[in-house]
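The values are calculated or read from the model by the stated rules, or taken from the named source; none is laboratory data. Keep in mind that this is a model prediction, so the values were computed, not measured. Note that we place each Cβ from the backbone using ideal geometry, even for glycine, and neighbour counts take in every protein chain shown. The protein model used for the area step is the full one, side chains on, heavy atoms only, and it has no ligands, DNA or RNA in it. Shrake-Rupley method; radii C 1.70, N 1.55, O 1.52, S 1.80 Å.
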Amino acid sequence: MDLRSLIPLTYLIAAVTFVLGLKGLSGPKTAVNGNRIAAAGMLLAVGATFFDVEFQSYGTTGLVITVVGIVIGGAAGFTGARVVKMTAMPQMVALFNGAGGGAAALVSILEVARTASPTGAGALGIASGATVSSMLGLMIGAVSFSGSAIAFGKLQGLITPRAFKYSGQQFVTSILFGGMVLLAVLLVASTAGVVAGVPQLAVMTGVAVLALLFGIALVMPIGGADMPVVISLLNAFTGLAVAAAGFTLDNQLLIVAGTLVGASGTILTRLMSKAMNRSIGNVLFGAFGAAPAGGGTASAMRADDGRTVRATTVDDAATLLAYARNVIVVPGYGLAVAQAQHNVRELADLLESRGVNVVYAIHPVAGRMPGHMNVLLAEANVPYEKLMDMEAVNPEFPRADVALVIGANDVTNPAARTSKSSPIYGMPILDVDKAQQVIVIKRSMKPGFAGIDNDLYLDPKTQMLFGDAKDAVAKLTAAVKAS
């Protein structure tokens, strides 16, 4: 049997593994196997491509370039997975999104440039349908590439995470989008022979430049609080760009894989927007987080009714925890930055050995990416059944003796329920303020990504334990042992 005849079947098997892999990623217990299944399918698909007739027509040169690319990309991926800290994983995901979108855009550029006419003398050597898919791949891929680069810069601190607003912002964005689409339509018309004398290479270059600028203009006005949603949306863009590249290359596997990524990214984006009580349009064009940040010190934050922040000591906080019956731990980005997950697990084990019931409250957008807290706590071998999502854990807060908040900010702010003037009003939050006592571990009074003060810190039941999360939890554990 000719091995080439098995390539379509191999691609079909690989497509099935992608579906099974996505299914596995839907739960923490099956996520690792789901990832392995999908990776095995991709390896199978790449191996089958070496037997493709068109690939073999490039001879030794094509083989060498491909192998070198696989080695470099594999080394970069392996190194990133082993070296990059969990706190930097959102940035890494943004880079991967950008790389995928950029690759799809390059495929489209090369496919069009291969037969384009610099002077517009004659139509393109590819069908107009392929040109449409190429233009879609180029535009969406370039937007994903430049937008992901901006998202990376904001998350890494290379670019200010605050929303960037300027006069005429939406007009400029609309002009970039309209110009990009008009040039793409002009190129398609040239392909179909409807319009003659079009400098096709120049027009294609114009589409690429405008798409890159549009990606920058689209993401720059978005504040750091919305970066998780933006990353998910850009992931969907990359999937659509890859699917378009699949149509351009007549590769069914790229079409399937890109469609799966695009669909799953879109669904995740909608779920995250719902969790923040925001529409996609508001995320993209609302410039959320452009307002000045709140106070930076404990003494600076004081309510009009005289309430103020109360600080506590390690010993007092340990006493509350040691003699509690039910404790809910609320992890946030501060826990991730301090790498305190193992210390938190040690504290929880100690409390449970004393008969205290301990569970973890996980908000859908806690941290900087979906599942951030789940992965961190799983890394510390926290049992999956102890991780409770927002809908399941909120009814438990009134029965909790102590809610221990570690680095979480915006997702615990009661202003989302009580203050119609708050930028986060209507956002579903964890009902931490309904616990009997609240201990908040935080470095300072600096606001979270939303850039606003947290009313929880003014609650008379709330006590602030200032310091690095890892160090503070370690001291709490020692104090509980001594109590």
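Which lysines have a Cα less than 21 Å from the Cα of Lys29, not counting those fewer than 8 places away in the same chain?
Leaving aside lysines fewer than 8 places away in the same chain, those within reach of Lys29 are Lys386.
So, R0 is 60 Å and r is the distance between the beta-carbons of Ala263 and Arg325; what FRET efficiency does that work out to, to 0.05? Walk me through the numbers on the way to the answer.
Working: r = 45 Å, r/R0 = 0.75.
After rounding to 0.05, the efficiency reads 0.85.
Let me have the relative contact order for the stretch 1-58, percent, based on Cα pairs under 8 Å that are six or more residues apart. Walk me through the intermediate numbers first.
Values: 53 pairs, mean separation 22.4, N = 58.
Relative contact order for the stretch 1-58 comes out at 39 percent.
With a ≥ b ≥ c taken as the square roots of the eigenvalues of the C-alpha gyration tensor of the stretch 438-483, please select rounded if a/c is under 1.5 and otherwise prolate if a/b is larger than b/c or oblate if it is not?
Details: a/c = 4.14, a/b = 1.77, b/c = 2.34.
Oblate, since a/c reaches 1.5 and b/c is not below a/b.
Can you give the FRET efficiency to the nearest 0.05 for Lys165 and Phe466, using r as the Cβ-Cβ distance and R₀ = 30 Å?
Values: r = 33 Å, r/R0 = 1.09.
FRET efficiency, Lys165 to Phe466: 0.35.
Tell me, what is the FRET efficiency for Ile70 and Asp250 to the nearest 0.05, using R0 = 25 angstrom and their Cβ-Cβ distance as r?
Numbers: r = 22 Å, r/R0 = 0.89.
The computed FRET efficiency comes out at 0.70.
At a probe size of 1.4 Å, how large is the accessible area of Ser57, to the nearest 10 Å²?
The accessible area of Ser57 comes to roughly 80 Å².
Over the chain, with the other protein chains present, what is the accessible area per residue in square angstrom, probe 1.4 angstrom? Can you show the working numbers first?
Values: 22180 Å² over 483 residues.
Computed with neighbouring chains in place, this is 46 Å² per residue.
What distance in nm separates the two pseudo spin-label positions at Arg114 and Arg354, each 7 Å out from Cα along the beta-carbon direction?
6.9
What is the gain in length, in nm to one decimal, between Ser421 and Ala202 on full extension, counting 0.36 nm per residue of separation less the C-alpha to C-alpha distance? Mind showing how you got there, number by number?
On the way: separation 219, 0.36 × 219 = 78.84 nm, distance 4.96 nm.
In short, 73.9 nm is gained.
Give the ranking of Lys475, Lys442, Lys85, Lys461 by solvent-accessible surface, highest area first, calculated with a 1.4 Å probe. List each step's numbers first, then the result.
Details: Lys475 100, Lys442 25, Lys85 135, Lys461 60 Å².
The ordering from most to least exposed comes out as Lys85, Lys475, Lys461, Lys442.
Report the gain in length on full extension from Ser57 to Asn33: 0.36 nm times residue separation, minus Cα-Cα distance, nm rounded to one decimal. List each step's numbers first, then the result.
On the way: separation 24, 0.36 × 24 = 8.64 nm, distance 3.66 nm.
Net length gain for the segment: 5.0 nm.
What percent of all Cα-Cα pairs in the stretch 406-483 falls in each 10 Å bin, counting up from 0?
18, 46, 27, 8, 1
Which value, in Å² rounded to 10, gives the accessible area of Met445 with a 1.4 Å probe and all protein chains present?
Surface open to solvent at Met445 totals about 10 Å².
Largest first, how would Met369, Met272 line up by accessible area (1.4 Å probe)?
Working: Met369 40, Met272 5 Å².
Most to least solvent-accessible, the answer reads Met369, Met272.
Over the chain, with every protein chain in place, what whole percent of the accessible area is carbon and sulfur at 1.4 Å, could you tell me? All intermediate terms of the calculation are to be shown ahead of the outcome.
On the way: 14470 of 22180 Å².
Reported share for carbon and sulfur atoms: 65 percent.
If one takes the longest principal axis of the Cα atoms in the chain, at what angle in degrees, from 0 to 90 and to the nearest 10, does the Cα axis of helix 469-482 lie?
On a 0 to 90 degree scale, this one is about 30.
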